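Only one structure is covered here, and it is reproduced in the block below.
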Amino acid sequence: MLNDLPDSVFAPEPDTLPIQRLEAMLEKAYPKLVGLDGEEIMLPDSIYQALRQVIHMMASGQVISLVPYNLHLSTIQASDLLNVSRPYLYKLLDQGDIPYIKVGKHRRIQFQDLMQYKKKRDAQRHQALSELTELSQEMGFYTPEDDRLTEAISPA
């Protein structure tokens with residue numbers, strides 16, 4: 001369902017090495033475009049930063065989708081992005097946790113609202129994990145040497 005989002009791009013296996021080389025080059029250079037007529041244009045910083053992020057994700061094997069921030073998603077797309085069931089998403093919508101609009105009988109969720117909810121949810125999860133770790137340390141069930149467990153379950 002995520003493939004239904006606009007402009008999904010992935011790096012085929014033969015492109016992996018050139019993409020990794022490009023990522024390394026972008027760390028040390030500020031790119032420019034050269035037209036067929038030889039005209040050179042330096043990339044604006046905003047495009048340069050976006051390019052670096054896209055190249056980094058593609059170099060690590062991630063699928064990239066370029067999504068306009070004001071795009072409205074279907075409930076199927078939204079539940080896939082959050083990695084939750086549609087009934088659970090409907091519960092979140094009904095509780096007012098995520099704003100939505102109705103188009104006919106169907107609910108549509110603005111991409112930026114979904115990402116704000118996801119960011120808030122991830123921060124709450126991280127906070128809960130930190131509190132659980134602290135409580136476990138106080139009770140003697142966890143020591144800092146056990147950080148491998150925290151790294152394994154903590155979002156990057």
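Take the conditions part of a loop (DSSP other than H, G, I, E, B) and over 23 Å from the mean Cα position of the chain (by Cα) and apply them to Y30. Does it pass?
On the way: part of a loop (DSSP other than H, G, I, E, B): yes; over 23 Å from the mean Cα position of the chain (by Cα): yes.
Taking the combined requirement at face value, the residue satisfies it.
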Self-check item: Number of positions in region 18-53 that are surrounded by fewer than 11 Cβ atoms within 10 Å (Cβ to Cβ), of a type outside the set (K, R) and farther than 18 Å from I64 by Cβ
Solution: 14
Quiz item: Looking only at region 10-69, which residues are in contact with a Leu (Cβ under 6 Å, 6 or more places away or on another chain) and either without any contact (Cβ under 8 Å) to a residue 60 or more places away in the chain or basic (K, R) (or both)?
Solution: P31, I41, R52, I55
Quiz item: Only one of (1) surrounded by 14 or more Cβ atoms within 10 Å (Cβ to Cβ); (2) at pLDDT 90 or above; (3) not small (G, A, S) is not met by H106, so which one is it?
Solution: (1)
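The values are calculated or read from the model by the stated rules, or taken from the named source; none is laboratory data. As the structure is a prediction and not an experimental result, all values here were calculated from the model. FYI the Cβ positions are ideal-geometry reconstructions off the backbone, even for glycines, and counts take in every protein chain you see.
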